[in-house]
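Have a look at the structure below before the remarks.
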Amino acid sequence: MVEKKRRRVTFALFLAYFPLAVTYLAFSGQLAATDWRTASREPAGLAPDPGQTPEAVVQVYSARAVGWRGWFGVHTWVAVKKSHASKFTVYEVVGWRLKRNGTAIVTGNRPADGYWYGNRPELLSDLRGPGVDAVIERIEAAVKEYPYPDRYHVWPGPNSNTFTAYLVRQAPELRVDLPPTAIGKDYLGWRSVHTTPSGTGGQASLFGVVGIAAGIEEGLEVNLLGLNFGVDPKSLSLKLPIVGRLGPHPVPEPKTL
């Protein structure tokens, strides 16, 4: 009887959470109110001017997805600039490009920190300086080796966040803690055990639907139906579905090797 009552209370709290989370997000300013066709793609001022930055740079970003998807998750991407290059190269996966190009992988020279159709990006990692060109070469190789270029599923993956997680695993120097709202980051395909995207821990996942992860950067995360709940002792933050991270989350300072 006690166990049955506990389950009912847990289920009631679970149901009550979602309208509260949606209300929070609606007033958080994370979602653009403009039409995606006219929404801003301008730089947000988080990336260095490549023309004034001779050193190599790797940055990782996230921003709320477009349309209804943005209520649940984010889109992530990786931007790189080799030493003395005049532009950033952005690597990302975009689902609608798959039918047009036969691959969901998009490589372009858009602004590294450009708004994602009106939604402001968040800088997740910033690596610069000597030795970073070698990191970029590993990322470029990972783009070519990505196992799902011809597949895209919003849930549970593979999608844009699966792609970013795959790339950053090849560059643990970035120590990227992908947001709990990066649905698809835990999709490992037939492989059920792997390192966390930051390279500072390990995770077990069943096709991105259920799983658990623990790492120095990620803290502890539990994935239930693609929704992540967790706690990050390092930043004293809670990780929640829809809402994302609750707690201190300053803009990362540039790191060097």
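Below is a table of values for the structure above.
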{"item": "The listed residue being in contact with a helix residue (DSSP H, G or I) (Cβ under 6 Å, 6 or more places away or on another chain), among the hydrophobic types (A, V, I, L, M, F, W, C) and under 19 Å from ASN161 (Cβ atoms), out of VAL74, VAL106, VAL94", "result": "VAL106"}
{"item": "Residue in segment 140-151 that is modelled with pLDDT of 95 or more, crowded, with 22+ Cβ neighbours inside 10 Å and within 20 Å of VAL93 (Cβ to Cβ) present", "result": "no"}
{"item": "Residue satisfying all of: in segment 1-54; β-branched (Val, Ile, Thr) and under 22 Å from THR181 (Cα atoms); modelled with the highest pLDDT among these", "result": "THR23"}
{"item": "All positions within segment 91-123 that are touching a residue at least 60 places away in the same chain (Cβ under 8 Å), among the aliphatic types (A, V, I, L, M) and not in a loop (DSSP other than H, G, I, E, B)", "result": "VAL93, LEU123"}
{"item": "Selected residue [at pLDDT 95 or above and closer than 19 Å to ASP177 by Cβ] from HIS84, HIS75", "result": "HIS75"}
{"item": "Cross-chain or 6+ apart pairs with Cβ under 8 Å, segment 234-256 first and in the same structural domain as SER125 (by TED's automatic domain parsing) and over 19 Å from THR200 (Cα atoms), then of a type in the set (Phe, Trp, Tyr) and buried (at least 18 other Cβ atoms within 10 Å of the Cβ)", "result": "PRO241/PHE72; ILE242/PHE72"}
{"item": "Close pairs (8 angstrom Cβ cut-off, 6 or more residues apart or separate chains): outside the structural domain of ASP177 (by TED's automatic domain parsing) in segment 50-64, modelled with pLDDT of 95 or more and surrounded by 16 or more Cβ atoms within 10 Å (Cβ to Cβ) anywhere", "result": "none"}
{"item": "Hits in segment 224-257 (condition: in a strand (DSSP E or B), touching a Leu at 6+ places or on another chain (Cβ under 9 Å) and more than 20 Å from LEU25 (Cα to Cα))", "result": "ASP232, LYS255"}
{"item": "Meets criteria (buried (at least 20 other Cβ atoms within 10 Å of the Cβ), of a type in the set (A, V, I, L, M), part of a loop (DSSP other than H, G, I, E, B) and at pLDDT 95 or above) for LEU167", "result": "no"}
{"item": "Single unsatisfied condition, ASN228 versus (1) free of Cβ contacts under 8 Å to residues at least 24 places away in the same chain; (2) under 24 Å from ALA21 (Cα atoms)", "result": "(1)"}
{"item": "Pairs with Cβ under 9 Å, 6+ apart, first in segment 139-159 and of a type in the set (D, E, K, R), second part of a helix (DSSP H, G or I) and surrounded by 16 or more Cβ atoms within 10 Å (Cβ to Cβ)", "result": "GLU145/TYR166; ASP150/LEU98; ARG151/LEU98"}
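The values are calculated or read from the model by the stated rules, or taken from the named source; none is laboratory data. Keep in mind it's a predicted model, so treat the numbers as computed, not measured. Here the Cβ is made from the backbone with ideal geometry for all residues, glycine too, and neighbour counts use every protein chain on show.
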